[in-house]
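Chemist: One structure follows; several queries about it will come next.
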Amino acid sequence: MNKPLRRIAIFCGILVLALLIRDNWLQYVRADELNSHKYNRRVQIERYAHERGDIIVDGKAITGSVETEDGDFTYKRVWKDGPLWAPVTGYSSQAFDSSQLENLEDGILTGNSDQLFFNRTLSMFTGKKKQGGNVVTTLNGAAQTAAFKGLGEKKGAVVALDPQTGAILALASTPSYDPSVFAGNSLKDSDARQQLLKDKDKPMLNRALRETYPPGSTFKVVTAAAALENGLYDDIDAKTESPLPWTLPQTQIPLQNEGDIPCENASLREALRVSCNSVFGKMSDDLGNKKMIEQTDKFGFNKEVFTPVRADASIYPEDNKPQNAMAGIGQASNRTTPLQMAMVASAIANDGKLMQPYMVAKRQAPNLDDIYTAEPEELSRALSGENAQKVQQMMETVVKDGTGTRAQIPGVTVGGKTGTAQHGLNNSEKPYAWFISYAKTDNGSPVAVAVVVEDGNANRDDISGGGLAAPIARDVMKAVVDSKQ
Amino acid sequence: MSVVTNTTTIGAIDAPSRRNTELALVIFAIAISVFAYANVGLALNGELPSGMLGYGAGLALLGGVAHLAVRRFAKYADPLLLPLAVLLNGLGLAIIWRLDQSERFQSLATFAPAASKQLLFSAIGVGTLVAVLAILKDHRILQRYTYISMLVALFLLILPMFFPSVNGAKIWIKIPGVGTLQPGEFAKIIIAVFFAGYLMVKRDALALASRRFMGLYLPRGRDLGPILMVWAFSILILVFETDLGSSLLFFGMFVVMLYVATERTSWIVFGLLMSAIGAVGVASFEPHVQQRVTAWLDPFAGWGEQAASEQMAKSLMAFGSGGTLGTGLGQGHSDLIGFAANSDFILATVGEELGLAGMMGVLLVYGLIVERGVRTALAARDPFGKLLAIGLSGSFAIQVFVVAGGVMGLIPLTGMTMPFLAAGGSSVLANWALIAILIRISDTARRPAPAPAPSTDAEMTQVVRP
């Protein structure tokens, strides 16, 4: 009976060998995949097992961590001034994942990033508790507060950029929310989140980056830049060929101006000052759809922007002639994010050079060593320096004695453009009030701002953009200029 | 010069008893378990656990008593079987105690600490070992109870049918005041006794009285009877008690023993064919089995919908999280698997907290037990002993494969327990008894033949050296 016994011994050996091979397959080959599987609760437990690093503005943390009692998560994320900073930080919830900076910089904040490998290894030997690193933002607390105060109860968004570097100085969106209310994983947190999701004002929508609006008359600066760049006009004070009334191409519809304003053959400077639809509509039509798209591309339209938080793409679409003429004055299917219009203003203020917008200035290891410092990066050359200065002169006239007088700051040169974007079927909804501007001091321009207020007053086109949005832009610019002194 | 030092188990002349080797290994096994226990305490509370002295003393007592019993009643037994069993039992106790400390478990309404109960059952298990060694002086006595053991095994297997099912399988019986019992665990041993006794008598008829057909030896119908019966029986267990594990175990054990008894490959072919037919047949209408198979094919697909597949997925994630070296005892989250984490899924904790290295170690310990069992079968001098030893060690191997393969997703999960490691009184008791019988057979096998009577001729031919 020994021969079959030996065979059975081999069979048993094969059984054990199969188990050993399977074990190696599971615990060596597939270990990483299983360990980071989306259903693996250990990932969440580990994430909240120690204090998360902070997001820092002006040298002060705007986030924090508190210890919780219930459940297997030890720490919970809290925000010092949640609604003010939520459009920047996003949320980080035990039950509902995370978003924006909290999500994108998770590796640094949890301390798991490969960039922190050396640091982690070191603290393993010194026996120090694992800690997350910090993310230092480019934001300016005073500008952010001014933007929020200015928006107040109204729905809208503000984006402020440093034109010379592309650093984001303010990023406000109202109504906002406090991410702290659903940072845990209790029923209360889940209810609070449900309530936010159900709110018809959509407080969790980041209007500054993720909502596209028709830019209205503020887009006329882009049309003007395209005209100068393409040599359609040269002298901003020379008369243009602009009949009044001017009929939209291929139609019998005259393009209306807001009220009785001097638009017939008006110069570029004058047309922008009073915001002539007929002049800029014809300009866009003269340039054609292709050239307009080329110019908007240079300003960063038609693709998503990563700050690193993703911003929706602003669209200047391929279109037929009458639609293209309307798009040239910021209507029709022309849609932009507030960030995009701030980029337009900043490119003009920076003598034509468009910088890549960014909001992470530094990443710090837990021991506060800098492991990353942002380098300003040129995104594109939107227009020549000479032409940029011409557009600047036009925009400064708008603020000096045009539609944007409410953005004036004593002792500071300000250029701007108002806009009131109509939307809804047959202009049935309340228009959006827009204002884009920049401030200029002896050292160039420290700030460019775009403001959009959703529930603008519908009475008269440019007056409301100037009346509603311009004061907010002025306060934000003043906050930045003051903090630089 | 004339002393032959024979270190194999088959040695007949002056075989060393190896009892001191066994003692050293038992002490080593206990030391590992106590270190594991200390490790858990240090990892969870930052201090040595208060029960450590008691646990160490208890385990040392159990190991010592078992060792002394072997020394006294089975002097020439295989020296590895006992230490390996003590190691697994001790390690199991440490891991069960570690799972008892889980806050996630303690918040469950049904929570009851299992470690103290397991220690009690381990003591009873060692008591069983001592009793078996003391009472069963020769394993051949069991031969007399061939048909009685068949009746007892049948009774034990049918019994749970009259009790309510627990978690989808009817394999428990509830005795008021004592608790729940899994008679299937004991039936495993008793049925091996029956098979060994039956096959020893019938082996020639099964092996020789057959016709050759297409290269295979086809058995006669009347010899085919018992194998068909066992096949039908294991299917019945599967259908009525929805116990996949046991039916696979009994059938596999029977095929192995039949093959060894008859030395005919054709029996294996028949066995595999019939188990395939049976498995496919039952799987086509039994929802419990189908659920297990779908959970095995894609454990992550049924997440949140199907309890079986979620358990599987959680087990796989526990293994994955352990990685090569593991998180360290007490520092994993294998308790996420839920109520079965200390019984069916205890290997997931080994995998997560001791890692690939620890898992391979544990699997090799099981492999060693099986290997010593097969070696005992090879060394045994009587066919009954050979068959019984191979039946017991074969069933042990199949059980380890079925459980470990199940929790690692190699084969569908069947819901048996890992011998010695898992929490469960019946399992610990039955496996100690199994080890006791193997020790008894190995003792008989390795015991040196009685010295021949002194012969006067021997005196004459002796070589005298200067």
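Chemist: What nm distance separates the two modelled labels at A:Q250 and A:R7, each placed 7 Å from Cα along Cα→Cβ?
Modeler: 8.5
Chemist: Let me ask something else about it. Counting only the backbone N, which residues of the stretch A:40-73 are under 15 Å from the spot 7 Å out from the Cα of A:K128 toward its beta-carbon?
Modeler: Correct set: A:51-54.
Chemist: List the residues, sorted by chain then number, that are 5 or more residues from A:M355 or on another chain and whose placed amide H is less than 5 Å from its amide H.
Modeler: Those qualifying (amide H under 5 Å, at least 5 residues apart or on another chain) are A:L379.
Chemist: Can you bin the stretch A:114-199 into rounded, prolate or oblate? Criterion: square roots of the alpha carbon gyration tensor eigenvalues sorted a ≥ b ≥ c, rounded for a/c under 1.5, prolate for a/b above b/c, oblate for the rest.
Modeler: Details: a/c = 3.68, a/b = 1.33, b/c = 2.77.
Here the stretch A:114-199 falls in the oblate category.
Chemist: Continuing with this model, one more query. Relative to the longest principal axis of chain A, what angle (0 to 90°, nearest 10) does the C-alpha long axis of helix A:117-126 take?
Modeler: Computed tilt is about 40 degrees.
Chemist: A follow-up question, please. Using amide H atoms built 1.01 Å from N in the peptide plane, name the residues 5+ places from A:S65, or on other chains, whose amide H lies under 5 Å from its own.
Modeler: A:V78
Chemist: Nearest 10 degrees, 0 to 90: what angle lies between the long axis of helix A:187-198 and the longest principal axis of chain A (Cα atoms)?
Modeler: Result, in degrees: 30.
Chemist: Report, in whole Å, the centroid distance computed from the Cα atoms of the stretch B:325-356 and the stretch B:34-102.
Modeler: So the two Cα centres are separated by 18 Å.
Chemist: Still on this structure, please answer the following. Given the C-alpha centroids of the stretch A:241-272 and the stretch A:34-76, what is the distance between them in whole angstrom?
Modeler: Cα centroid of the stretch A:241-272 versus Cα centroid of the stretch A:34-76: 58 Å apart.
Chemist: Let me ask you something else. How high is the relative contact order of chain B? Use alpha-carbon pairs under 8 Å, at least six apart in sequence, and give a whole percent. List each step's numbers first, then the result.
Modeler: On the way: 721 pairs, mean separation 106.0, N = 466.
It comes to 23 percent, rounded to a whole number.
Chemist: Using the Karplus equation 6.51 cos²θ - 1.76 cosθ + 1.60 (θ = phi - 60°), what ³J(HN,Hα) coupling, rounded to whole Hz, does each residue of the stretch B:381-397 give in order, writing x for Gly and Pro?
Modeler: Calculated HN-Hα couplings, in order: 9, 9, x, 4, x, 4, 5, 5, 5, 6, x, 5, 6, x, 5, 4, 5 Hz.
Chemist: Expressed as cubic angstrom per residue, what is the convex hull volume of the alpha carbon set of chain A? Walk me through the numbers on the way to the answer.
Modeler: Working: hull volume 99.2 nm³, N = 485.
Convex hull of Cα atoms, per residue: 204 Å³.
Chemist: Measure off 7 Å from each Cα along the Cα-to-Cβ vector at B:F155 and B:R140, then give the distance between these two points in nanometres to one decimal.
Modeler: With each label point 7 Å from Cα toward Cβ, the separation is 2.8 nm.
Chemist: Which shape class applies to chain B: rounded if a/c is under 1.5, otherwise prolate when a/b exceeds b/c and oblate if not, where a ≥ b ≥ c are the square roots of the Cα gyration tensor eigenvalues? Display every interim value, and only then the final one.
Modeler: Numbers: a/c = 2.01, a/b = 1.18, b/c = 1.69.
Judged from the Cα gyration tensor, chain B comes out oblate (a/c at least 1.5, b/c at or above a/b).
Chemist: A further question follows. In whole percent, what relative contact order does the stretch B:269-359 give with Cα contacts below 8 Å and a gap of six or more residues? Kindly include the intermediate steps, with their values, before the conclusion.
Modeler: Details: 113 pairs, mean separation 20.4, N = 91.
Normalised by residue count, the contact order of the stretch B:269-359 is 22 percent.
Chemist: For each of B:V130, A:V66, A:V449, B:V280, count neighbouring Cβ atoms within 10 Å of the residue's Cβ, then give the residues from fewest to most.
Modeler: Fewest-to-most ranking of B:V130, A:V66, A:V449, B:V280: B:V280, A:V66, B:V130, A:V449.
Chemist: Find how much the distance from B:A307 to B:M229 grows on full extension, using 0.36 nm per residue of separation minus their present alpha carbon separation; answer in nm with one decimal. Mind showing how you got there, number by number?
Modeler: Details: separation 78, 0.36 × 78 = 28.08 nm, distance 3.43 nm.
Using 0.36 nm per residue and subtracting the Cα-Cα distance, I get 24.7 nm.
Chemist: How do the peptides B:324-332, A:51-59, A:240-248, B:105-113 rank, highest first, by the average count of neighbouring beta carbon atoms within 10 Å per residue?
Modeler: Details: B:324-332: 18.4, A:51-59: 20.6, A:240-248: 16.8, B:105-113: 11.0.
Taking the mean over residues of other Cβ atoms within 10 Å, the ranking is A:51-59, B:324-332, A:240-248, B:105-113.
Chemist: Does the stretch B:37-175 come out rounded, prolate or oblate, given a ≥ b ≥ c as the square roots of the eigenvalues of its C-alpha gyration tensor, rounded meaning a/c under 1.5 and, failing that, prolate meaning a/b above b/c? Mind showing how you got there, number by number?
Modeler: On the way: a/c = 3.34, a/b = 1.23, b/c = 2.71.
Oblate is the answer for the stretch B:37-175, as a/c is 1.5 or above yet b/c matches or exceeds a/b.
Chemist: Let me confirm one metric for peptide B:312-324, namely the mean number of other chain beta-carbon atoms within 10 Å of its residues' beta-carbons. Let's see the in-between values first.
Modeler: Values: counts 0, 4, 3, 1, 6, 10, 6, 9, 14, 10, 6, 6, 4.
Partner Cβ neighbours, averaged per residue: 6.
Chemist: Considering Cα pairs under 8 angstrom that are at least six residues apart, work out the relative contact order of chain A and quote it in whole percent. Mind showing how you got there, number by number?
Modeler: Working: 1112 pairs, mean separation 77.4, N = 485.
Rounded, it is 16 percent for chain A.
Chemist: Divide by every residue of the protein assembly as shown the summed helix terms, -39500 (n - 2.57) for each DSSP H run of at least 4, and state the resulting mean residue ellipticity at 222 nm, rounded to the nearest 500 deg cm²/dmol. Working shown, then result.
Modeler: On the way: 35 runs with 489 residues, N = 951.
Computed mean residue ellipticity for the protein assembly as shown: -16500 deg cm²/dmol.
Chemist: Taking the Cα centre of the stretch A:288-390 as origin, work out the dipole magnitude from +1 charges on Lys and Arg Cβ and -1 charges on Asp and Glu Cβ, in debye rounded to 20. Can you show the working numbers first?
Modeler: On the way: 12 positive and 13 negative charges, 67 e Å.
Charge dipole of the stretch A:288-390: 320 debye, to the nearest 20.
Chemist: Which whole-Hz ³J(HN,Hα) couplings does the stretch B:310-323 yield from phi under the Karplus relation 6.51 cos²θ - 1.76 cosθ + 1.60, θ = phi - 60°, glycine and proline marked x?
Modeler: 5, 4, 4, 4, 5, 5, 4, 5, 4, 4, x, 5, x, x
Chemist: Here's something else I'd like to know. Obtain the nm distance between the two label points defined at B:L208 and A:D297 by a simple spin-label model: each point lies 7 Å from its Cα along the Cα-to-C-beta direction.
Modeler: 9.5
Chemist: Another question about this same structure. Based on the Cβ-Cβ distance from A:E386 to A:K198, what FRET efficiency comes out when R0 is 45 Å, to the nearest 0.05?
Modeler: Calculated value: 0.30.
Chemist: Provide the FRET efficiency to the nearest 0.05 for the B:L297-B:R104 pair, computing r from the beta carbons and using R0 = 30 Å. Could you put the intermediate results ahead of the total?
Modeler: On the way: r = 28 Å, r/R0 = 0.95.
Efficiency, rounded to the nearest 0.05: 0.60.
Chemist: I would also like to ask the following. Work out from phi, with θ = phi - 60° and the Karplus expression 6.51 cos²θ - 1.76 cosθ + 1.60, the ³J(HN,Hα) of each residue of the stretch B:296-302, listed in order in whole Hz, and give x for Gly and Pro.
Modeler: For the stretch B:296-302, the Karplus-derived couplings read 6, 5, 8, x, 8, 5, x Hz, x marking Gly and Pro.
Chemist: Under a 5 Å amide H to amide H cut-off, with H placed in plane at 1.01 Å, what residues pair with A:L248 once short-range neighbours are removed?
Modeler: A:I253, A:L255
Chemist: Do any cysteines of the protein assembly as shown lack a neighbour Cys whose Cβ is under 4.7 Å away, and which are they?
Modeler: Isolated Cys, the protein assembly as shown: A:C12.
Chemist: Here's a follow-up. Shielding of B:107-117 by partners, i.e. mean partner chain Cβ atoms within 10 Å per residue?
Modeler: On the way: counts 3, 0, 0, 0, 0, 0, 0, 0, 0, 0, 0.
For this peptide, the per-residue mean of nearby foreign Cβ atoms is 0.
Chemist: Here's something else I'd like to know. Using only Cα atoms, locate the centre of the stretch A:308-337 and the centre of the stretch A:143-191, then give the distance between them in Å, rounded to an integer.
Modeler: Here the answer is 25 Å between Cα centres.
Chemist: Another question about this same structure. Let me know the mean shielding of A:470-477 by other chains, meaning the per-residue number of their Cβ atoms within 10 Å of its Cβ. Could you put the intermediate results ahead of the total?
Modeler: On the way: counts 0, 0, 0, 0, 0, 0, 0, 0.
Whole-number average of other-chain Cβ neighbours for A:470-477 is 0.
Read-outs: derived from the displayed coordinates by stated rules, not from any lab. From a predicted model like this one, the values you see are computed outputs, not experimental measurements. Every residue, glycine among them, receives a Cβ derived from its backbone with ideal geometry; neighbour counts consider all protein chains shown.
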